[in-house]
Amino acid sequence: MSKSRGKPSNPREQVAVGHLLSAVPHRNQAVTVEPTEAGLLLSIPTRRPRWLVPPLSWVLPFSGQRRVELDAPGRAVLELCDGRRSVEEVIEVFALEHKLSFREGQLAVSQFIKALLQRGIIALVGMPESVATEGSA
């Protein structure tokens, strides 16, 4: 971070944030969703690791899915990721429903969307390749 508060030191980070906000989150169709009292229970299919072969597979249990439980705010964000709204619109709706400022909603929702991306629950569509490759380099 630069010495000025809240501004990224790298100008490419500002561009990446703008592209991130315009990207559209889509739910992974392979994820099964079960409602619970508190939120949602998600089952994400996984692949068997290459190293898990007999006799290791006889000893180590392997489940073909990973389970993630979401609370009520997590459920609200996931339901907003319907493939029609951009990340910015998801943040705006979430902030209005929970009486937050846009910045507070942006911090909470962007962190949560990042976690959903890492777990394979959603995918972001609409990010230019140049921005995606700059972030991974």
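The values are calculated or read from the model by the stated rules, or taken from the named source; none is laboratory data. Everything quoted here is computed from the prediction, not taken from an experiment. So basically every Cβ, Gly included, is an ideal-geometry build from the backbone, and we count neighbours across all protein chains shown.
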- prompt: Would the stretch 56-71 turn up any residue that is aromatic (Phe, Trp, Tyr) and modelled with pLDDT under 90?
  reply: yes
If we keep only residues of the stretch 45-76 that are more than 23 Å from Ile122 (Cα to Cα) and aliphatic (A, V, I, L, M), then the residue surrounded by the fewest Cβ atoms within 10 Å (Cβ to Cβ) is Val59
Original post:
Going by the conditions given, is Arg85 assigned to a loop (DSSP other than H, G, I, E, B), at pLDDT 90 or above and of a type outside the set (A, V, I, L, M)?
Top reply: yes
| message | I'd like to know if the stretch 39-46 contains one or more residues that are out of contact with any Phe, Trp or Tyr (no Cβ under 8 Å at 6 or more places or on another chain), closer than 27 Å to Ile91 by Cα and at pLDDT below 90. | response | yes
Filtering the stretch 78-113 for residues that are exposed (fewer than 14 other Cβ atoms within 10 Å of the Cβ) and of a type in the set (S, T, N, Q) leaves a count of 2
Go through the residues of the stretch 55-73 one by one and say whether even a single one is among the small types (Gly, Ala, Ser) and either under 13 Å from the mean Cα position of the chain (by Cα) or assigned to a helix (DSSP H, G or I) (or both).
yes
Within the stretch 17-38, of all residues that are modelled with pLDDT under 90 and touching a Pro at 6+ places or on another chain (Cβ under 9 Å), the one surrounded by the fewest Cβ atoms within 10 Å (Cβ to Cβ) is Val17
Taking the stretch 21-38 and keeping only residues that are over 17 Å from Gln65 (Cα atoms), touching a strand residue (DSSP E or B) at 6+ places or on another chain (Cβ under 7 Å) and not in a loop (DSSP other than H, G, I, E, B), one is left with Val24, Pro25, His26
